[in-house]
Amino acid sequence: MRVLVSVASRHGGTLDMGTVVADVLREAGHEVDEVSPDDVERVDEYEAVVLGSAVYVGRMALGMRDLVDRQAGQLRGRPVWLFWSGPVGDVPGAGQTPDDVTAVASAVSARDVRMFAGRLERDELNISERALVALVHAEQGDFRDLDEVREWAAGIAGELAQSH
Ligand SMILES: Cc1cc2nc3c(=O)[nH]c(=O)nc-3n(C[C@H](O)[C@H](O)[C@H](O)COP(=O)(O)O)c2cc1C
């Protein structure tokens, strides 16, 4: 199957997760395109789509929200899996799905919405991001578990195999 993996990421942590998903789907025999949300012009050539975005101050990245606004109709017409990366450290309320993620998931009728812990390196942040990070009480560090991402992607591969 042709599968689109499109991930919005400011600092690369979420992008790595998209690459893991794409690799697992390729190993399962699918033809996978990894395309940044801003560069996705059409999705009708794909039989399945995986979308991912980091969450910043409770919202998905603008590029992902724009993609979903542009392509909601097409996305709803095919299986879509959605993941978001956010929680860093022991943050109060971590793991609760932000309303924005729920809205995006509903706009594309996502089959599954999955949260993965994120990564935050203070040195990579600009001044306004540092201020916002203090506001959301995020901790510095790499809390990602790429094996967990791999497992989730293997589940998608399993569902795609069944649908053929
Ligand atoms: C300015 C800023 C705001 C953030 N706000 C949230 C938030 O509201 N909720 C959350 O779970 N994580 C939040 N995070 C953590 C990021 O989502 C996490 O670091 C993510 O892995 C970053 O992905 P990226 O490297 O792909 O940009 C924030 C990070 C930054 C830099």
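Looking at region 1-68, I'd like the Rg to Rh ratio, where Rg is from alpha-carbon atoms and Rh is Kirkwood's inverse mean 1/r. Working shown, then result.
Working: Rg = 11.8 Å, Rh = 12.1 Å.
Taking Rg over the Kirkwood Rh, I get 0.97.
Which trypsin sites (Lys or Arg not before Pro) in region 14-106 pass both tests, a DSSP loop state and at most 10 other beta-carbon atoms within 10 Å? Don't jump to the answer; show the numbers that get you there.
Details: sites: ARG26, ARG42, ARG59, ARG65, ARG70, ARG76; in loops: ARG42.
Qualifying residues, ordered by number: ARG42.
With both partners inside region 2-158, how many of the DSSP beta bridges are antiparallel, as a percent to the nearest 5?
15
Between ASP38 and SER163, what is 0.36 nm times their sequence separation minus the Cα-Cα distance? Round to one decimal in nm.
Numbers: separation 125, 0.36 × 125 = 45.00 nm, distance 2.90 nm.
Length gained, ASP38 through SER163: 42.1 nm.
Let me spell out the model: positive unit charges on the Cβ of Lys and Arg, negative unit charges on the Cβ of Asp and Glu, origin at the Cα centre of region 2-158. What dipole size does that give, in debye rounded to 20?
Details: 16 positive and 28 negative charges, 89 e Å.
Computed about the Cα centre, the dipole is about 420 debye.
How far apart, in nanometres, would the label points at ASP123 and THR102 be if each is projected 7 angstrom from Cα along the Cα-to-Cβ direction?
Each label point lies 7 Å from its Cα, and together they span 3.9 nm.
Just to be sure I understand: with springs between alpha-carbon atoms less than 10 Å apart, which residue in ARG122, ARG78, ARG144 has the highest mean-square fluctuation in the Gaussian network model of the chain?
Residue with maximal mean-square fluctuation among ARG122, ARG78, ARG144: ARG122.
Would you mind estimating how fast region 10-117 diffuses translationally, via Stokes-Einstein at 10 °C and 1.306 mPa s with the Kirkwood radius over Cα pairs, in µm²/s?
On the way: Rh = 14.2 Å.
The diffusion coefficient I find is 112 µm²/s.
Where both residues lie in region 1-89, what percent of DSSP beta bridges are antiparallel, nearest 5? Present the calculation step by step, with values, prior to reporting the outcome.
Details: 2 of 18 bridges.
Of those bridges, close to 10 percent are antiparallel.
Of MET115, MET17, MET60, how do they rank once you tally other Cβ atoms within 10 Å and put the fewest first?
Details: MET115 18, MET17 30, MET60 26.
Sorted ascending by nearby Cβ count, the order is MET115, MET60, MET17.
Using a Förster distance of 45 angstrom, determine the FRET efficiency expected from the C-beta separation of GLN140 and GLU47, and round it to 0.05.
On the way: r = 40 Å, r/R0 = 0.88.
E(calc), rounded to 0.05, equals 0.70.
Taken together, the values in this text are just the output of simple stated rules run on the coordinates, not laboratory data. What you are looking at is a predicted structure, and each value in this text was computed from that prediction instead of being measured. Here Cβ is always computed from backbone atoms with ideal geometry, including for glycine, and neighbour counts include all displayed protein chains.
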